[in-house]
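The values are calculated or read from the model by the stated rules, or taken from the named source; none is laboratory data. Values in this document were obtained by computation on a predicted structure and should not be read as measured data. With ideal geometry, Cβ positions are generated from the backbone for all residues, glycine too; neighbour counts draw on all protein chains shown. Heavy atoms of the whole protein, side chains included, go into the accessibility calculation; ligands, DNA and RNA do not. Shrake-Rupley method; radii C 1.70, N 1.55, O 1.52, S 1.80 Å.
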Amino acid sequence: MLSQYENKMEKTLDNLNSEYAGIRAGRANPHILDKLKVDYYGVPTPIQQAANITVPEARTLMIQPWESSLIKEIEKAILSSDLGVTPNNDGKCVILNFPELTEERRKELAKDIKKKGEAAKVAIRNIRRDANDALKKMNKANEISEDELKTNEEKVQKITDKYVEKIDKAIDEKSKEILTV
């Protein structure tokens with residue numbers, strides 16, 4: 001019964017980690033393009049499914065679309081995103097050069113990382129509340145005893161603590177990555 005709530009907490013952690021993958025730390029990371037879509041024959045398609053993405057240098061991403069007609073679409077998607085990078089193209093591919101992050105921008109990103117982490121912790125606590133509510137309903141309906149209720153509530157708390165700890169660790173790791181020059 002508790003496994004469904006643990007699965008929800010795991011999904012919350014996975015979601016946080018995928019959000020963190022989209023935050024760049026001064027190095028080129030193909031995952032920052034994960035949320036961008038291009039119009040490919042009238043269908044919004046992730047860039048990864050319409051082009052080959054490589055990292056030729058530490059702060060450069062090269063996007064080679066499978067069809068040259070997509071170059072303009074890819075540029076448009078990047079310009080309308082919040083990446084803060086201007087795309088260049090050489091007729092065959094789109095090149096993104098990432099500038100070194102300023103100290104101010106690093107601190108801003110670190111705050112954003114903390115904020116996303118706190119939101120994930122709130123989600124975890126909401127899942128804990130839902131689990132405890134479900135247990136109390138089962139107790140009221142005489143499906144479980146008071147002892148089982150207490151035991152299961154303690155288990156829920158242990159699971160919650162485990163995921164809050166994992167989130168804290170993820171926040172610390174990503175903050176360190178961002179703040180390291």
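Confirm whether Ala120 is among the hydrophobic types (A, V, I, L, M, F, W, C) and more than 25 Å from the chain's Cα centre (by Cα). When the stated conditions are applied, Ala120 does not pass them. Set side by side, the residues Ala110, Ala28, Ala50 differ, and just one is aliphatic (A, V, I, L, M) and free of Cβ contacts under 8 Å to residues at least 40 places away in the same chain, which is Ala50. Filtered by the rule that a residue be part of a helix (DSSP H, G or I), open to solvent by less than 80 Å² (accessible area, probe 1.4 Å) and in contact with a helix residue (DSSP H, G or I) (Cβ under 7 Å, 6 or more places away or on another chain), the stretch 1-46 gives Tyr5, Glu6, Met9, Thr12, Leu13, Leu16, Asn17, Glu19, Tyr20, Ala21, Leu33.
Taken over the stretch 164-181, residues that are open to solvent by 30 Å² or more (accessible area, probe 1.4 Å) and either among the acidic types (Asp, Glu) or over 18 Å from Asn126 (Cβ atoms) (or both) amount to 10. In the stretch 109-148, the qualifying residues are those that are under 16 Å from Lys8 (Cα atoms) and of a type in the set (Lys, Arg), and the one that is most open to solvent (accessible area, probe 1.4 Å) is Arg129.
Looking across the stretch 55-75, the residues that are open to solvent by 20 Å² or more (accessible area, probe 1.4 Å) and without any contact (Cβ under 8 Å) to a residue 24 or more places away in the chain come down to Pro56, Trp66, Glu67, Ser69, Lys72, Glu75.
In the stretch 76-95, the residue that is nearest to the chain's Cα centre (by Cα) out of those that are under 30 Å from Asp112 (Cα atoms) and open to solvent by 70 Å² or more (accessible area, probe 1.4 Å) is Asp82. Annotation: Lys174 fulfils all but one of (1) within 19 Å of Asn17 (Cβ to Cβ); (2) modelled with pLDDT of 90 or more; the unmet one is (2). Against the condition under 16 Å from Ile78 (Cβ atoms) and either among the hydrophobic types (A, V, I, L, M, F, W, C) or in contact (Cβ under 8 Å) with a residue 24 or more places away in the chain (or both), how does Ile23 come out, does it pass? Considered against the rule, which asks whether it is under 16 Å from Ile78 (Cβ atoms) and either among the hydrophobic types (A, V, I, L, M, F, W, C) or in contact (Cβ under 8 Å) with a residue 24 or more places away in the chain (or both), Ile23 comes out as no.
Residues in the stretch 149-163 that are open to solvent by less than 90 Å² (accessible area, probe 1.4 Å) and either over 28 Å from Ala21 (Cβ atoms) or of a type outside the set (A, V, I, L, M) (or both): Leu149, Thr151, Asn152, Glu153, Val156, Gln157, Thr160, Asp161, Lys162, Tyr163.
As a summary of the residue check, Val85 satisfies the conditions (1) among the aliphatic types (A, V, I, L, M); (2) in a strand (DSSP E or B); (3) at pLDDT below 85 except for the one numbered (2). The number of residues in the stretch 56-82 being more than 20 Å from Pro46 (Cβ to Cβ) and not in a loop (DSSP other than H, G, I, E, B) comes to 3.
Taking the stretch 33-62 as the range and being hydrophobic (A, V, I, L, M, F, W, C) and either in contact with a Ser or Thr (Cβ under 8 Å, 6 or more places away or on another chain) or under 24 Å from Arg105 (Cα atoms) (or both) as the test, the residues that pass are Leu33, Leu36, Val38, Val55, Ala58, Leu61, Met62.
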